[in-house]
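Right, one structure below, let's go through it.
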Amino acid sequence: MAGAAHCSLQAKRLLLDPKFEGYKLSLEPLACYQLGLDAAVAEVQLRDDQYTLDHMRAFGMYNYLHLDSWYQDNVYYVDQFGRVMNLSVTLDTALQKPREVFRLPTDLTACDNRLCASMHFPSSTWVTLSDGTGRLYLIKSGKRGSSASEKWEIVFNEELGSPFIVAHSVSFIKSDAHSVTVLLLRVEKDELDTKGSGFHVTLEWVTIAESKEGDHRYEIIKRRVLQGKSVPHYAAIEPSGDGLMIVSHKPFTFMQSESDKLEENDDAKVSNEKKDPLYYWQQTEDDVTVTVHLPQDITKDDIKIRFSPDNICVTLKDQTPLMEGNLYSSVDHESCTWIIKEDKSLEISLIKKNEGCRWPELIIGDTRGELIMDPSQCSEIAESLMHLTSEVMNPNPEKENPPCNAQELEECDAFLEDGASLCRFDGDTLKVTHIINLGSNQYLFSVVVNPKEMPCFCLRHDVDALLWQPHSDQPENMWEHIATFNALGYVQASKQDKKFMACAPDYSYAALCECLRRVFIYRQPAPLATVLYNRKEGRQVGQVAKQLVATLEANDPILGFQATNERLFVLTTKTLFLIKVNSGN
């Protein structure tokens with residue numbers, strides 16, 4: 001993480017509502033439509049050897065319903081016969097049965113260690129698809145959705161090792177050639193991990209590009225692997241394919257190939273050679289003494305030193321300055337001196353203007369020197385810091401106004417994952433360029449607001465849920481706060497059985513579903529058609545945020561959940577439900 005810029009998320013105050021009064025339960029009926037499926041969804045149960053929390057997060061809580069953000073109200077799922085089924089909605093009252101658009105060539109039941117089939121839509125005409133056995137398909141779909149002639153054509157398919165799920169993909173043109181880059185997620189056995197779960201998580205970043213021979217063939221041109229110890233909450237490739245953003249509880253790092261390791265070893269050797277400090281310095285309350293080792297052939301006439309109240313410049317033989325820059329604090333430049341000692345070293349004496357001031361560095365920003373402290377100075381510093389430390393864990397528990405009382409925290413205020421961070425990786429250097437420590441900003445869900453941009457992610461900030469849009473092409477505004485769901489961070493924490501969360505791409509509502517039957521919808525505050533008074537405060541209430549609850553007529557667990565501006569799509573093993581939330585314009 002060295003060299004990464006430590007950033008923070010800047011919330012827009014205009015999008016926050018400190019006077020939000022809560023959600024009012026509305027009993028208004030929600031139109032709910034259901035479609036029976038010809039064949040059950042291809043659900044894959046966790047095996048006995050997939051027992052960790054990471055397996056449950058990645059595969060046990062997998063969302064089997066896929067929303068195509070390039071087309072309105074267009075969803076897909078894979079059934080037990082390996083058919084990719086599509087439902088495109090234009091009119092709720094004239095719903096068609098889901099139709100087959102593609103059939104996986106492999107027999108899914110033949111693979112013992114398979115995962116669930118997964119897909120992603122990198123553009124309006126391309127699809128990335130995994131059959132769950134370790135094979136990746138790149139498919140040219142043409143225009144999707146309502147087109148009855150929709151025909152998916154495989155342009156690339158290859159076995160890529162152990163089974164994976166497709167986490168994200170993007171399509172872009174670079175050097176006049178079309179490329180699709182895909183992120184593949186695996187949870188793999190880790191023989192070296194004897195103290196942890198015995199597994200690690202890998203994200204493989206695969207780039208597939210059109211062949212330059214003009215025969216429209218596609219081939220893998222790059223494979224890179226990141227490894228971590230927790231399943232990422234969010235992992236997405238930038239639209240240009242140049243970088244990657246990951247929100248995870250534990251950090252990810254790129255695994256190096258042998259050639260990369262050799263290069264790094266060479267760099268390490270070079271840096272080791274340069275490790276000796278250029279100069280050593282000591283200080284008292286009154287002065288600073290700097291010692292510089294001189295080359296053999298240097299004489300007194302070759303040395304030029306220029307002192308000024310805030311600056312020093314040391315030059316040897318009219319070369320580029322050996323030392324130059326602003327001093328940490330002012331000196332009495334007329335009293336500063338220098339001599340050449342018997343051991344052929346240069347000794348510079350600087351007289352401090354502010355006596356008693358301790359300098360943490362000699363020249364601001366110069367790390368080539370080393371401070372030498374005598375034992376008396378070390379003990380003096382230790383003594384001055386003694387009042388900040390204690391050998392007792394909590395020396396005065398009865399002290400009034402303790403900084404934090406854990407007993408006052410409610411259960412829904414407790415976060416399991418205090419260490420979550422958001423990292424941006426550069427695709428060329430494979431290093432972290434930006435990092436944000438999310439602390440207690442719990443990750444809630446992601447949503448695609450604009451399919452040409454990266455997916456947004458929603459985080460809990462205090463009681464609210466704030467939606468953030470990454471802008472990889474805007475370094476000064478890389479994460480923009482675009483919407484707020486008031487008190488949703490607090491509300492969702494009380495839902496013990498929640499399985500999926502989502503929101504409308506136009507932010508008009510947020511929704512969550514439990515593992516079975518119940519769906520909760522939280523609308524943004526809206527003006528009232530009638531006059532309503534707050535009796536306690538005797539004032540008129542201008543707007544109200546409504547909570548709605550839908551109970552599905554199904555005994556099967558919910559397997560998929562997606563939100564559009566007008567509808568919620570809820571998938572169970574044998575039924576697809578549509579809940580009309582907003583009427584179309």
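The values are calculated or read from the model by the stated rules, or taken from the named source; none is laboratory data. Bear in mind the structure is a predicted one, so any value in this text is a computation, not a measurement. Here the Cβ is made from the backbone with ideal geometry for all residues, glycine too, and neighbour counts use every protein chain on show. Each accessible area value is taken on the protein alone, full model and side chains, heavy atoms only, with ligands, DNA and RNA left out. Shrake-Rupley method; radii C 1.70, N 1.55, O 1.52, S 1.80 Å.
Near S248, the amide H atoms lying under 5 Å from its own belong to H233, S421, C423; only residues 5 or more places off or on other chains count, and H is placed 1.01 Å from N.
Averaged per residue, the chain has 54 square angstrom of accessible surface, using a 1.4 angstrom probe with ligands and nucleic acids left out. Note that the range 279-367, at 25 °C in a medium of 0.890 mPa s, gets a Stokes-Einstein diffusion coefficient of 184 µm²/s from its Kirkwood radius over C-alpha pairs.
Calculate how many DSSP beta bridges within the chain are antiparallel, expressed in % of all such bridges and rounded to the nearest 5.
Antiparallel bridges make up about 95 percent of those DSSP assigns within the chain.
Taking amide H atoms as placed 1.01 Å from N in the peptide plane, the amide H of N326 lies under 5 Å from those of I364, each 5 or more residues away in sequence or on another chain. The packing ranking of peptides 335-342, 86-93, highest mean first, is 86-93, 335-342, where packing means the average number of other beta carbon atoms within 10 angstrom of each residue. Going down the table (K300/K352; K499/K546; K151/K431), which pairs top 32 Å between alpha carbons? Too far apart for the 32 Å limit: K151/K431. Leaving ligands, DNA and RNA out of it, report the carbon-plus-sulfur percent of the accessible area of the range 279-367 at a 1.4 Å probe. Roughly 44 percent, rounded to a whole number.
For the range 279-367, calculate the relative contact order in percent as a whole number, restricting contacts to Cα pairs under 8 Å that are 6 or more residues apart.
In percent, rounded to a whole number, it is 32.
With θ taken as phi - 60° and the Karplus curve 6.51 cos²θ - 1.76 cosθ + 1.60 applied, the whole-hertz 3J(HN,Hα) list for the range 111-122 is 9, 6, 9, 6, 9, 5, 5, 9, 8, 8, 10, x Hz, x standing for glycine and proline.
Computed per residue of the chain from DSSP H runs no shorter than four, each worth -39500 (n - 2.57), the mean residue ellipticity at 222 nm is -1500 deg cm²/dmol. Dipole check for the range 279-367: with +1 at the C-beta of Lys and Arg, -1 at the C-beta of Asp and Glu, and the Cα centre as origin, the magnitude is about 100 Debye.
Listed peptides 210-218, 496-504 appear in the order 496-504, 210-218 once ranked by packing, highest mean of other Cβ atoms within 10 Å at the front. Annotation: peptides 507-514, 53-60, ranked by per-residue average of other Cβ atoms within 10 Å with the highest first, follow the order 507-514, 53-60.
Assign one of three labels to the range 1-124, namely rounded, prolate or oblate, based on the Cα gyration tensor with a ≥ b ≥ c the square roots of its eigenvalues; rounded applies when a/c is under 1.5, prolate when it is not and a/b is larger than b/c, and oblate otherwise. Oblate. Could you give the distance between the Cα centres of the range 199-245 and the range 295-358, to the whole Å? What the calculation gives is 53 Å, centre to centre.
For the range 1-123, give the percent of accessible area contributed by carbon and sulfur heavy atoms, probe 1.4 Å, rounded to a whole number. That share works out to 52 percent. Note on the chain: Kirkwood radius taken over Cα pairs, Stokes-Einstein applied at 37 °C and 0.692 mPa s, translational D equal to 114 µm² s⁻¹.
Distant-in-sequence amide contacts of H178, defined by a placed amide H-H separation under 5 Å and a gap of 5 or more residues or a different chain, comprise E210.
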